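First up is the structure itself, then whatever we jot down about it.
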Amino acid sequence: MIKNGKLKIRINADNYAKYLGVLNRLPGNMLSQMDNADNCLKMIDPQKCWQGCWGYDFRIGESHYQKCLINCFLLEVNSKSFPFLLELIESESKERYAAYAK
């Protein structure tokens, strides 16, 4: 997707809790994009968001993220973020495959 003239990718990180080490290695510019993502309305008030939503709730360093499922992992694609994006996608893919293969 292109947003504000920048290429972005949305990663549905359903299994984020299984690769927190990857999240802890994300560079500051990617963390700031996550900081700017909307907070999860369902965590604030369960009646404010659609029933199927769960949002993301995790810590990176001292920061506590309770972010919206839709834009928490909506990250800019560029030469600096590319290796980290690949690692996120690979980690999520491995977890999904492991669950599927059972």
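Just give me the residues in region 6-33 being touching a residue at least 40 places away in the same chain (Cβ under 8 Å) and over 14 Å from GLU87 (Cβ atoms), in sequence order. Matches in region 6-33: LYS6, LEU7, LYS8, ARG10, ASN12, ASP14, ALA17, ASN29, GLN33.
Restricted to region 75-102, and to residues there that are surrounded by fewer than 18 Cβ atoms within 10 Å (Cβ to Cβ), of a type outside the set (Val, Ile, Thr) and within 14 Å of the chain's Cα centre (by Cα), the residue that is nearest to PRO27 (Cα to Cα) is PHE84. Quick check on region 85-100. Is at least one of its residues in a helix (DSSP H, G or I), aromatic (Phe, Trp, Tyr) and either within 15 Å of TYR16 (Cβ to Cβ) or touching a Cys at 6+ places or on another chain (Cβ under 6 Å) (or both)? No - not one qualifying residue is present in region 85-100.
Does ALA17 satisfy the criteria of being under 15 Å from the mean Cα position of the chain (by Cα), in a helix (DSSP H, G or I) and at pLDDT below 95? Here the answer is yes, as ALA17 does meet what is asked. Inside region 63-84, residues that are in a strand (DSSP E or B) and among the small types (Gly, Ala, Ser) make up a count of 1.
Here is a yes/no grid of residues against (1) more than 26 Å from TYR100 (Cβ to Cβ); (2) aromatic (Phe, Trp, Tyr); (3) touching a strand residue (DSSP E or B) at 6+ places or on another chain (Cβ under 6 Å); (4) surrounded by 13 or more Cβ atoms within 10 Å (Cβ to Cβ):
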position	(1), (2), (3), (4)
ARG10	no, no, yes, yes
LEU23	no, no, yes, yes
GLY28	yes, no, no, no
CYS40	yes, no, yes, yes
TYR56	no, yes, yes, yes
GLY61	yes, no, no, no
CYS72	no, no, yes, yes
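Note on region 33-55: residues that are over 12 Å from the mean Cα position of the chain (by Cα), among the polar types (S, T, N, Q) and in a helix (DSSP H, G or I) amount to 0.
The values are calculated or read from the model by the stated rules, or taken from the named source; none is laboratory data. Only a predicted model underlies this, so the values are computations on that prediction, with no experimental measurement involved. When we count neighbours, we look across all protein chains shown, and the Cβ atoms used for this are built from the backbone with ideal geometry, even at glycine.
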